[in-house]
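*Asks:* Right, I'll just put the structure down here and ask away after.
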Amino acid sequence: MDKLQGIDSHIVIIGCGMSGIGAALKLTKEGFKNIKIIEATGRSGGRIKTTTFGNVIVEIGANWIHGPSKANPVFQLACEHGLLDSQAMSEENQALDVEGHPSFQSFYSSSGNKLTPELTKSVSQLFLTLLGKSKEFILTEKEPYPSVGEFLKKEIAKHAVEWKDDAETKKLKLALLTMMLKLECCFSGTHSMDLVGLGAFGGYKTLPGLDCTFPGGYEGLIDAMMKGLPESIVSYNNPVKCVHWNWSFRGANSPEQTFPVMVECENGETVPANHVIVTVPLGYLKEHYETLINPSLPLSKVHSIQRMGFGTNNKIFLEFEEPFWEPDCEVINLIWEDETPLADVKPDVNQFWMKKIFGFTVLHPPERYGHVLCGWIAGHESEYMETLSDTEVKNSMTEVIRKFTGNPSITPKRILQSKWHSDPYTKGSYSYVAVGCSGSDIENIVQPLPLQETDTKPLQVLFAGEATHQSFYSTTHGALLSGWREADRLITHYTQSPLISQNFSSKL
Ligand code: 6YU
């Protein structure tokens, strides 16, 4: 193989999200000429999706750059394109390290009271310490319990017996810890922390830098990246039905040429290729792996796709005439006083779905956003919410806010909810390492086809996307790095010289 041959090779990228665009850009910059992106929907960006809500811009999908600092390629690109404000780009912001965890802020309880900082500080500290401990099992390779949830609950129980507080305070502390577990479900994109594998939990790595947002919207980065690609490179509204590989297909325009892979679209179009990079979300892959790839995926890959977790985290935007929160408040946490992590109760999802909301983030600054809150809800309750109308959700939110503030007249003006689970090309929000999984499951999913590459059976189907990144899964930077990784794999395939994307920002 040589580089010239590579430049002429036909490469199809399935999916025009961060990973697919990242792969296409790297290959284009390296001189590859025949690249095509096939995207099921009518837009680029995938789970990066910015929209308007009244007069303001909101994010339906990815919200923050997690760990905006030098090692984060999304941060680097955003800086290069001038998409961040000066505070986000400052050295101080980049140096702050909160280990990926947002701060706990205002705590409203279901009896309409605010909890005191004395109470909330010690409980927050306990939770963060236990969470830190749960990430250490990756080092020992031993798990006292299969899941993060079970470990946290056992530790909470041990601490609770030592508390010297009165019964009411103890109850409030346990209710607070329940809220923190719900927040963690949103963070991990899972229904319950009982589903997240303890041993693998520490495999997710955080980067320094205080999480920041895009003042003009995350999609501004997608637009900027797309400008680096030829306009006709994407075929939109064109869902791929099947990737046929390990065969010999004739090219439509050059019948003398044969290709080992052929992409078949739902509309009947067929696209022959030398290589295909599959970047569809894990949620989609879980539902369609049996028909999406022909011949079928090897069992090692199938088992890992089945084992890995992919859950739902949704947002509910609410606009108000006036704020009911303090001007410096960033997060409003909701504490249901009757809840405890120590009771093993099966929640009634349909009736009490709204109790799964851990709280609301306040969109800052008010000069840009007005008075808008973003509620966060994960898991089955979140998926149930997607079946409700905006009016039904708005009514429930009004009830909850009135109950927690004790103010019977607060009414949101406008509402917008995300629906990631019902999205047929995503089927959820992002991946997590589930009970029984390890980093080797991610490695298995990454493995290109054929598993054993030979001269007669060269590299054909490659896999990228957030769920394929060992330490940054569930993030936009994980997605981008995975796209670069597979582009590098192809570049190396033709040049045989390892190209490592260390100096990525200067190349793109
Ligand atoms: C981040 C954040 N963030 C909130 C919410 C969501 C996500 N993420 P894409 O899906 O983008 O592209 C694939 C394309 O394929 C797509 O366009 C499809 O239409 C297409 N496709 C599918 N089937 C097809 C077919 N058959 N034919 C053709 N095309 C097809 N990430 O960095 N910051 O704040 C958030 C958040 C509500 C839904 C997020 C965040 C995740 C990112 O959005 C996501 O990873 C990337 O955009 C994915 O890009 P991609 O290219 O891989 O797929 C300890 C521990 C815990 C671990 N978790 C901690 C991290 C917390 C994660 N983040 C928090 C969540 C928020 C708020």
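*Asks:* Taking a ≥ b ≥ c as the square roots of the eigenvalues of the Cα gyration tensor of the stretch 256-319, is the shape rounded (a/c under 1.5), prolate (a/b larger than b/c) or oblate?
*Replies:* Values: a/c = 3.20, a/b = 1.65, b/c = 1.93.
Since a/c reaches 1.5 but b/c is at least a/b, the shape of the stretch 256-319 is classed as oblate.
*Asks:* What accessible area, in Å² to the nearest ten, does a 1.4 Å probe give for I357?
*Replies:* 0 Å²
*Asks:* With each pseudo-label sitting 7 Å past Cα toward Cβ, what's the S90-K133 distance in nm, one decimal?
*Replies:* Result: 3.6 nm between the two label points.
*Asks:* Hey, which of these cross-link pairs are over 25 Å Cα-Cα: K49/K301; K133/K182; K153/K346; K171/K315; K154/K315; K170/K394? Please list the in-between numbers first.
*Replies:* Numbers: K49/K301 29 Å; K133/K182 18 Å; K153/K346 16 Å; K171/K315 28 Å; K154/K315 30 Å; K170/K394 33 Å.
Violating the 25 Å limit, Cα to Cα: K49/K301; K171/K315; K154/K315; K170/K394.
*Asks:* How far apart, in nm, are the 7 Å Cα→Cβ label points at D390 and T116?
*Replies:* Using points 7 Å along Cα→Cβ, the separation is 4.3 nm.
*Asks:* Using modelled amide H (1.01 Å from N, peptide plane; none on Pro or chain starts), what sits under 5 Å from the amide H of S429, excluding residues fewer than 5 places away?
*Replies:* The list, which skips near neighbours in sequence, is G311, T312, N313.
*Asks:* Evaluate the charge dipole of the chain about its Cα centre and quote only its size in Debye, nearest 20, assuming +1 on the Cβ of each Lys and Arg and -1 on the Cβ of each Asp and Glu.
*Replies:* Details: 45 positive and 59 negative charges, 101 e Å.
Its charge dipole is roughly 480 debye.
*Asks:* I'd like the carbon and sulfur percentage of the solvent accessible area for the chain, probe radius 1.4 Å, heavy atoms only, ligands and nucleic acids excluded. Please list the in-between numbers first.
*Replies:* Values: 11330 of 21910 Å².
After summing per-atom areas, the C and S share lands at 52 percent.
*Asks:* Can you pull the Kirkwood radius for the stretch 212-302, inverse mean 1/r over Cα pairs, to one decimal in Å?
*Replies:* Details: mean 1/r = 0.0641 Å⁻¹.
For the stretch 212-302, inverting the mean 1/r across all distinct Cα pairs yields 15.6 Å.
*Asks:* Same structure again: Compute the FRET efficiency between K346 and N55 as 1/(1 + (r/R0)^6), taking r as their Cβ-Cβ distance and R0 = 35 Å, and round to the nearest 0.05.
*Replies:* 0.25
*Asks:* When the Debye formula is applied to the Cα atoms of the stretch 64-187, each taken as the same point scatterer, what base-10 log of I(q)/I(0) results at q = 0.12 Å⁻¹?
*Replies:* Each listed q maps to, in turn, -0.63.
*Asks:* Let me ask something else. Given a 1.4 angstrom probe, what's the average accessible area per residue across the chain, in square angstrom?
*Replies:* Working: 21910 Å² over 508 residues.
Heavy-atom SASA per residue in the chain reads 43 Å².
*Asks:* Give the aspartates and glutamates reachable from K164 as a straight Cα distance under 18 Å; neighbours fewer than 8 places away on the same chain don't count.
*Replies:* E118, E155
*Asks:* Once the piece of chain linking T169 and N253 is laid out straight, how much longer is it, given 0.36 nm per residue of separation minus the C-alpha distance between them? Before the final figure, lay out the partial values.
*Replies:* On the way: separation 84, 0.36 × 84 = 30.24 nm, distance 7.50 nm.
Additional length available on full extension: 22.7 nm.
*Asks:* While we're here: Where nothing but the Cβ of Lys and Arg (+1) and of Asp and Glu (-1) is charged, how large is the charge dipole of the stretch 346-478 around its Cα centre, in debye to the nearest 20?
*Replies:* Values: 12 positive and 14 negative charges, 147 e Å.
That gives a dipole near 700 debye.
*Asks:* Using only the Cα atoms of the stretch 13-113, what semi-axes does the equivalent ellipsoid have when each is the square root of 5 times a gyration tensor eigenvalue? Give whole Å, largest first.
*Replies:* Values: eigenvalues 214, 87, 32 Å².
Equivalent-ellipsoid dimensions as semi-axes: 33, 21, 13 Å.
*Asks:* Tell me, what HN-Hα J-couplings in whole Hz come from the Karplus equation 6.51 cos²θ - 1.76 cosθ + 1.60 at θ = phi - 60° for each residue of the stretch 365-374, using x for Gly and Pro?
*Replies:* Per-residue couplings from phi come out as x, x, 4, 8, 9, x, 10, 10, 10, 10 Hz.
*Asks:* Over 33 Å, how big is the tail of the calculated P(r) for the chain, in percent of all Cα pairs?
*Replies:* Working: 52787 of 128778 pairs.
Everything past 33 Å amounts to 41 percent.
*Asks:* Taking only complete DSSP H runs, can you tell me which helices of the chain stretch 20 Å or more along their own long axis by Cα positions and average at least 0.5 on the Kyte-Doolittle scale? Walk me through the numbers on the way to the answer.
*Replies:* Numbers: long enough: 117-134 (25 Å, 0.30); 167-188 (32 Å, 0.60); 390-405 (22 Å, -0.73); 476-495 (28 Å, -0.44).
Taking the DSSP H segments of the chain (at least 20 Å long, mean hydropathy at least 0.5), we get 167-188.
*Asks:* Counting only the heavy atoms of the protein chains, how much of D338 is accessible to a 1.4 Å probe, in Å² to the nearest 10?
*Replies:* Spelled out: D338, probe radius 1.4 Å, area about 100 Å².
*Asks:* Can you pull out the trypsin sites (Lys or Arg not before Pro) in the stretch 11-99 whose DSSP state is coil and whose Cβ has at most 10 other Cβ atoms within 10 Å? Please report the intermediate quantities before stating the final value.
*Replies:* Details: sites: K26, K29, K33, K36, R43, R47, K49, K70; in loops: K33, R43, R47, K49, K70.
Within the stretch 11-99, no trypsin sites (Lys or Arg not before Pro) qualify (loop, at most 10 other Cβ atoms within 10 Å).
*Asks:* How do the peptides 136-144, 450-458, 193-201 rank, highest first, by the average count of neighbouring beta carbon atoms within 10 Å per residue?
*Replies:* Details: 136-144: 12.9, 450-458: 10.6, 193-201: 23.7.
Those peptides, ordered most packed to least, come out 193-201, 136-144, 450-458.
The values are calculated or read from the model by the stated rules, or taken from the named source; none is laboratory data. Quick caveat: nothing in here was measured; it's all calculated off a predicted structure. In this analysis, Cβ positions are derived from the backbone assuming ideal geometry, glycine residues included, and neighbour counts consider all displayed protein chains. Calculation scope for accessible area: heavy atoms of the full protein, side chains included, ligands and nucleic acids excluded. Shrake-Rupley method; radii C 1.70, N 1.55, O 1.52, S 1.80 Å.
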